[in-house]
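No value in this document is a laboratory result; all are computed from the given coordinates. In this text the structure is predicted, and so the values were computed from the model without any measurement. Note: ideal-geometry Cβ built from the backbone for every residue, glycine included; neighbour counts use all protein chains shown.
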Amino acid sequence: MKIIITGANSFIGRRLIPAFSRLHQVTAVMRENNNLFGQFPNVETLALSMIDYGHLGEMINAPDCFIALAWSGSRGEARNDYALQKFNYSQNLAAMKSMTEAGCKILVSAGSQAEYGIHDEIITEESFCKPESEYGKFKLKLFNDTKEIADEHGIRFIEPRYFSLYGPGDYKKTLIMQCVRKMLADENINLNECRQIWDYMYIDDAVDGLLRLCENENCSGVYNFASGHNKTLREFVIDIHEALHSKSIINFGAIEYNGAFINLRPSIKKLTEAVNWKPETSFTQGILRTAESIKKGE
């Protein structure tokens with residue numbers, strides 16, 4: 001297949017492109033060209049601003065699969081920046097339309113658990129979506145509008161709906177990345193009570209799952225992407241501490257938590273049954289690989 005991936009320089013993109021290029025021809029689209037993928041013979045790069053995504057189909061000859069990863073403002077206060085999130089939506093939808101007009105056979109959007117909103121029960125792909133952030137609302141709008149385009153043109157549309165991915169190269173301010181860095185240095189850590197229930201999935205397992213979905217002609221629609229192993233954030237932090245044999249002192253409750261109390265308990269049954277997939281990386285293995293990456297300065 002000839003696969004086009006926007007957001008090539010993102011956390012997911014940097015792991016996705018080398019894996020996909022082992023079997024397919026990949027065009028990596030990013031804001032500015034760099035040599036990030038120069039070592040991979042099946043990868044071409046294209047420098048393109050999001051404002052020009054409506055012309056993407058004119059620049060790609062005979063595309064088979066389009067994977068949209070580019071999205072600004074997915075962290076912190078930017079998630080509720082209406083103008084920014086609307087811009088992300090409109091440019092990604094323009095890209096979907098452009099690639100459809102170019103004859104693309106598969107459309108893929110990178111979804112988020114934020115589309116579901118807050119649920120106390122186990123979250124399946126059939127769970128009602130009630131997003132609270134502008135980020136979640138516009139991610140869901142992109143899904144709905146792209147699905148309408150795909151249905152109209154009779155082409156496959158897949159949305160991996162990511163919960164919490166982690167691994168080498170992740171955003172430095174996530175709970176996992178901050179804990180790993182501090183624990184490697186044996187620094188003490190102040191946290192809130194960390195009572196929320198969470199599910200962490202190692203990045204390479206997510207890449208493998210998406211590759212299988214794209215290659216299976218019978219797969220379409222939403223698929224929850226998670227490990228299927230959920231527990232409290234407190235337990236995950238303790239697991240990191242033990243995996244790294246750290247001397248850090250963890251002060252749970254030292255920081256007051258004022259945010260919405262979110263529990264993430266996703267079902268991954270649909271994904272596992274669709275492509276005979278299961279996560280191969282234990283949390284401890286993923287933490288050790290992440291720690292090694294940090295030690296190397298990656």
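In table form, for the structure just shown:
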| item | result |
| --- | --- |
| For region 130-192, size of Cβ-based charge dipole, Lys and Arg +1, Asp and Glu -1, in debye | 160 |
| Net charge dipole size for region 35-164 [Lys, Arg +1 and Asp, Glu -1 on Cβ; Debye, nearest 20] | 180 |
| Area projected by the alpha carbon convex hull of region 51-191, averaged over all directions, nm² | 10.6 |
| Sorted largest first, extent of the chain alpha carbons per principal axis (Å) | 56, 43, 39 |
| Distance in nm between pseudo-label sites at E298 and K278 (7 Å out along the Cβ direction from Cα) | 2.7 |
| Gaussian network model of the chain, springs between alpha carbon atoms under 10 Å - residue of E32, E235, E280 with greatest fluctuation | E32 |
| Intensity falloff of region 216-298 expressed as log10 I(q)/I(0), Debye formula with alpha-carbon point scatterers, at q = 0.15, 0.17, 0.20 Å⁻¹ | -0.81, -0.95, -1.08 |
| Sequence-separation-based contact order of the chain, relative, with Cα cut under 8 Å and 6+ spacing, percent | 17 |
| FRET efficiency, I197 to D151 (Cβ-Cβ, R0 45 Å, nearest 0.05) | 0.80 |
| Cα pair distances of region 154-298 binned at 5 Å [whole percent] | 2, 9, 18, 19, 18, 14, 10, 6, 3, 1, 0, 0 |
| Alpha-carbon spread of region 192-253, three principal axes, descending order, Å | 50, 22, 13 |
| Calculated P(r) tail over 20 Å for region 127-193, as whole % of Cα pairs | 55 |
| Charge dipole (the chain, unit charges on Cβ, about Cα centre) - positive-most of C194, W277, I158 | C194 |
| Selection from C65, I12, A83 lying farthest towards where the dipole of the chain points positive, charges on Cβ | I12 |
| Pairwise label distance in nanometres, R31 with L46, each label 7 Å out on the Cα-Cβ vector | 1.9 |
| Rg ratio (alpha-carbon, reference 2.2 N^0.38 Å) - region 1-125 | 1.10 |
| Only Lys, Arg (+1) and Asp, Glu (-1) charged, at Cβ; the chain dipole about Cα centre in debye | 460 |
| With eigenvalues of the C-alpha gyration tensor scaled by 5 and rooted, region 157-243, Å | 30, 14, 10 |
| Among T100, A28, Q178 the positive-end extreme of the charge dipole of the chain (Cβ point charges) | Q178 |
| Packing-based order for 17-24, 199-206, using average beta carbon neighbours within 10 Å, highest first | 199-206, 17-24 |
